[in-house]
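**Student:** Sharing a structure with you now.
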Amino acid sequence: MNPNFKIPPLSPQYLTPPKALVKRLKGLIYTDFHLTGKTRTDGSNLRKLIASTLEQYPLPEIASPDNYEIIPPKKKGLPKMTLEFVDTYMVTSNETYNLQVWNRIPASNSLLVQYENEEVLRCRDVRFILVRINTVKHQITSIAILTADYIEQRFGKFGKPTIKHQLLIPSKIRKSIIESKEKILFADDTEKLISFVKRRFAKPKSGMSEAPQAHQIFSIQLLKKRVAKPLIGQKLDVASTKNRGQALEKKVIELLGYSADDIDVLHGAYPDIMNQLLEVKVQDKQTVDLGKYSPAIPQVIVENLNLTTEDVRYLIALTNSETTEIEGIILLPGKQLGDICSYVSDKSYKCQRGIPMTFFDKYEGKVVFNPD
C-alpha cells in the first residue's frame, strides 16, 4: 500500500467527498475477492484493494511533517488509511455483523490530528468502508460507506468499553493557554446545567461531598472568578503528582468556602467536589488520568437532576513540573473537554456495534453512503 496513506491530508478540506468515494468504488461490485479464512490476511488484502482502487484517482495532497501533530500516543485509534481518514471492514455472514472499532470512541469529538492552522480531524470524522463479501462466490456484493454518527442514529450507540480513561492535552494547546493574557481556557456550562446554577457567591450550606442541589451550584463563570484566577501563579510544593492533586483540591475547597473539616478529609470519589459538580486535576506531563469516568462516555452522576459526566466541570491546573507553579488553567464542562483534548487509554480497547445483515442485503449491487 502506498506509504502516503499513513500521512494525514494537507487539510480536512482535502479529503475526498463521500459522493466521490461512492463513484470510485463502484467498479469493485461483483469483482472476485478470494477469502483465505485468515481474518488478518483477508482484512489486509481488502485494505490494499480499496487503497489501490482509490489510487486510480487523484488522492488528497499530504501534509508536511511540521504542519500537523498526531495526538494519540503511538497513533492509537488513528484510521489505517489516514490520508482519506477511512477504515475498511470485511462483512461476511451471520445474522448480525459485529463492527469493532479499536482504541477510539467512534462518535466522539476526541482529537486525532491537530493542524498548525487550528484545523482538526476527530474520531467522528473517520469514514467506515464496510465491504460485503459473498463467502460462496468469493465476490464483493455491496459496499456501505458510513459515518459513526449515522451508525449510532440508525443502529444504536456503540458499546461502552471498560477502560481506564486518560486525557491527552496537546502541547500546542497547553502552550497557547500558558502564553495567553488570562492563562485560562474557559467555556460556559452545558445548557442542561445552566438552569440549575447560581451566579452570586455565598458560602456553601452543604458539605463538599453532598449531592448538588438546584440553584446551589456555582456557575462556571463564578468558578473562574472565585477559583481559577486566584490559582494562577500558586505553587503545589509536593513531590508526587497524586499529592499535588490533593494539594490542588484542598486549595480549591478553601477558595469555594467549604469548612475546615472538608479540607482535612478529601472526598475521594467522582467528581472530587460533588457538591459543585467539579472535578479537579493536575497536568504536568502529557496525559491526565481520568479513572473510570469520562465525559467521552456520558453517564448519569446526579439522578434527580439528570446530570451526567458531560455536565461535570473540569478544572485542570497546568503546572510546571520543576517549579510546581500553576502556569495555566483549563476550566471546561466535560462535554467540551474532547473538543480541545484527546481521550486515550494506556491499554488497547474496542467499541462494538451490531449491524443487521439485512442492512447489507438491502443494498446488494450498490455502493452507498449513509443511506436512508
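**Student:** Restricted to the range 89-114, and to residues that are of a type in the set (Ser, Thr, Tyr) and over 24 Å from Arg40 (Cβ atoms), which residue is surrounded by the most Cβ atoms within 10 Å (Cβ to Cβ)?
**Tutor:** Per the stated criteria, the residue is Ser110.
**Student:** Which of the residues spanning the range 83-136 are over 17 Å from Asp149 (Cα atoms) and among the acidic types (Asp, Glu)?
**Tutor:** Glu84, Glu95, Glu116, Glu118, Glu119
**Student:** Given (1) without any contact (Cβ under 8 Å) to a residue 60 or more places away in the chain; (2) touching a Gly at 6+ places or on another chain (Cβ under 8 Å); (3) not assigned by TED's automatic domain parsing to the domain that holds Thr309, identify the lone condition not met by Phe201.
**Tutor:** The single condition Phe201 does not satisfy is (3).
**Student:** Which pairs turn up if I take residues in the range 356-372 that are over 18 Å from Gln153 (Cα atoms) and among the acidic types (Asp, Glu) and look for partners that are at pLDDT 95 or above and not in a loop (DSSP other than H, G, I, E, B) with beta carbon separation below 7 Å, at least 6 apart in sequence or on another chain?
**Tutor:** If the second residue must be at pLDDT 95 or above and not in a loop (DSSP other than H, G, I, E, B), the pairs left are Glu364/Thr141; Glu364/Ser142.
**Student:** Cβ-Cβ below 7 Å, separation at least six or inter-chain, first residue in the range 175-196 and under 15 Å from Thr308 (Cα atoms), second part of a helix (DSSP H, G or I): which pairs?
**Tutor:** These pairs meet every condition: Asp189/Ile220; Thr190/Lys335.
**Student:** So which of Ile151, Ile178, Ile173 is at pLDDT below 95, assigned to a helix (DSSP H, G or I) and either touching a Ser or Thr at 6+ places or on another chain (Cβ under 7 Å) or among the aliphatic types (A, V, I, L, M) (or both)? Working first, answer last.
**Tutor:** Working: Ile151 fails: at pLDDT below 95; Ile178 fails: at pLDDT below 95.
From the options Ile151, Ile178, Ile173, the qualifying one is Ile173.
**Student:** Is at least one residue of the range 193-200 crowded, with 21+ Cβ neighbours inside 10 Å and closer than 27 Å to Lys23 by Cβ?
**Tutor:** no
**Student:** Please pick out the residue among Leu54, Leu83 that is surrounded by 20 or more Cβ atoms within 10 Å (Cβ to Cβ), over 27 Å from the mean Cα position of the chain (by Cα) and of a type in the set (A, V, I, L, M, F, W, C).
**Tutor:** Values: Leu83 fails: over 27 Å from the mean Cα position of the chain (by Cα).
None of the other options fit; the residue is Leu54.
**Student:** Also: Name, by its number, the condition in (1) polar (S, T, N, Q); (2) part of a loop (DSSP other than H, G, I, E, B); (3) modelled with pLDDT of 95 or more that does not hold for Gln221.
**Tutor:** The one condition Gln221 does not meet is (2).
**Student:** So Met1 clears everything in (1) surrounded by fewer than 18 Cβ atoms within 10 Å (Cβ to Cβ); (2) in contact with a Phe, Trp or Tyr (Cβ under 9 Å, 6 or more places away or on another chain) except one condition, right? Which one?
**Tutor:** Every condition holds for Met1 apart from (2).
**Student:** Is the range 156-165 home to any residue that is without any contact (Cβ under 8 Å) to a residue 60 or more places away in the chain and of a type outside the set (Ser, Thr, Tyr)? First the steps, then the outcome.
**Tutor:** Of the range 156-165, the ones without any contact (Cβ under 8 Å) to a residue 60 or more places away in the chain are none.
No, every residue in the range 156-165 fails to be without any contact (Cβ under 8 Å) to a residue 60 or more places away in the chain and of a type outside the set (Ser, Thr, Tyr).
**Student:** Assuming Lys157 fulfils every condition listed in (1) within 17 Å of the chain's Cα centre (by Cα); (2) outside any loop (DSSP other than H, G, I, E, B) apart from one, which condition is it?
**Tutor:** All conditions are met except number (2).
**Student:** Can you name every one of the strands (runs of 3 or more DSSP E) wholly within the range 24-110 that holds 3 or more residues which are within 22 Å of Ile355 (Cα to Cα) and at pLDDT below 95?
**Tutor:** Details: elements: 68-70, 86-91, 96-102.
Fully inside the range 24-110 and qualifying: 96-102.
**Student:** Please enumerate the residues belonging to the range 272-295 that are assigned to a loop (DSSP other than H, G, I, E, B) and either crowded, with 22+ Cβ neighbours inside 10 Å or charged (D, E, K, R) (or both).
**Tutor:** Our first condition is that a residue be assigned to a loop (DSSP other than H, G, I, E, B); within the range 272-295, this holds for 272, 277, 284-286, 292-295.
Correct list: Asp272, Leu277, Asp284, Lys285, Lys292, Ser294, Pro295.
**Student:** Okay, next question. Are there any pairs with C-beta distances below 6 angstrom linking a residue in the range 132-148 that is in the same structural domain as Gln100 (by TED's automatic domain parsing) to a residue that is part of a helix (DSSP H, G or I) and basic (Lys, Arg), with the two at least 6 apart or on different chains, and if so which?
**Tutor:** Ala148/Arg124
**Student:** Hey, among the residues in the range 296-315 that are more than 17 Å from the chain's Cα centre (by Cα) and in a strand (DSSP E or B), which one's surrounded by the fewest Cβ atoms within 10 Å (Cβ to Cβ)?
**Tutor:** From the range 296-315, those more than 17 Å from the chain's Cα centre (by Cα) are 300-307, 315; that's our starting set.
Checking the rest, the ones that are also in a strand (DSSP E or B) come to 300-302, 307, 315.
Details: Val300: 11, Ile301: 21, Val302: 20, Leu307: 20, Leu315: 26.
My answer is Val300.
The values are calculated or read from the model by the stated rules, or taken from the named source; none is laboratory data. Nothing here was measured: the structure is a model prediction, and the numbers come from that model. Glycine gets a Cβ as well: all are built from the backbone with ideal geometry, and neighbour counts include every protein chain shown.
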